[in-house]
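Every number in this text was worked out from the coordinates using simple rules, so none of it is lab data. What you see is a predicted model; the values in this text were computed from it and never measured. Cβ atoms come from the backbone with ideal geometry, glycine included; neighbour counts cover every protein chain shown.
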Amino acid sequence: MVTSFLFFPEKNFYERPEDHGLKAQDVAVTTTDKVQLHGWFFEADPAKLTLLFFHGNAGNISGRLSKARGWVQRGLSVFLIDYRGYGRSAGKIEKAEDLLEDARGALGWLEVEKEILSQRIILYGESIGSYPAVELAKEKKFAGLILEAPFTTLHDLAKKHYGWVPDFVLKSFTMPNEELISKARAPVFILHGDRDEICPKEMGERLYELAPSPKEFYGIPGGEHNDLPEVAGESYFDYPYRFIAKENGFG
């Protein structure tokens, strides 16, 4: 029941990389529990850093191509990965640990196949993708942790939208970002719309309060949950880019 109101995977692709002037490497990742995932890797030449992107709960990686393009244009390689059940990825999500398996599989691919150190990788978590991003950020040192419209805990989110759901139903989906963020081993940048109807801006502000320094918060006036690139314009990319560049010693 939890997965039915929490995850909305799409198998069909809305757009293709070439629609955005991008050249993609098709990537197959096999998780430790033997699920095959699909992703696209976009290589910047030369690459300042690599951004590992964990998307939200709806659609698939094809809906994030414009975001990938913005980062590639700024000199960052980008790896978009679909969770199990999304796009061309096999399987389906049954518990929060599945998201972590998928995230670790994607990170492992970058480290082994591309020989990229974690210190040269930026973890990017969009909405529900903030959970695997925050979880990974406490395990190793990273070049950055960027969270777009994140939430504090799934319990908080469920109480806001599904107040009738008893706590025991969520036992496999705690997703405690609020507890984990203080352990992040990376500079933290959070962007959040002040009209977010899904994850209230106060959730992002709470995570910012608990995050270790260095950190920065970008509140986007008029921004809702799914329109931040349109509302913020180039600042959507420029503000986090400048923060990450400063913390990693490049312009």
Listing 216, 111 by rising number of other beta-carbon atoms within 10 angstrom, fewest first, gives 111, 216
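Return 130, 4, 62, 235 ranked ascending by Cβ neighbour count within 10 Å, so the fewest neighbours appear first.
Working: 130 31, 4 7, 62 19, 235 16.
Least to most surrounded, the residues fall as 4, 235, 62, 130.
Kindly provide the helix-only [θ] at 222 nm of the chain, computed as the sum of -39,500 (n - 2.57) over DSSP H runs of four or more divided by all residues, to the nearest 500 deg cm²/dmol?
Details: 9 runs with 80 residues, N = 251.
Calculated at 222 nm, the ellipticity per residue is -9000 deg cm²/dmol.
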For the range 2-248 the mean separation of alpha carbon contacts under 8 Å (6+ apart) over residue count, i.e. relative contact order in percent, is 15 percent
Using alpha-carbon coordinates alone, the radius of gyration and Dmax of the range 1-117 in Å work out to 13.8, 46
Most fluctuating of 177, 57, 12 in the GNM of the chain (C-alpha, under 10 Å) is 12
In the chain the DSSP beta bridges are antiparallel at a rate, in percent to nearest 5, of 25 percent
Unit-weight point scatterers at every alpha-carbon of the chain, Debye formula, q = 0.10, 0.14 1/Å: log10 I(q)/I(0) is -0.43, -0.89
To the nearest 20 debye, the range 2-248 has a Cα-centred charge dipole, built from +1 on Lys and Arg Cβ and -1 on Asp and Glu Cβ, of 460 debye
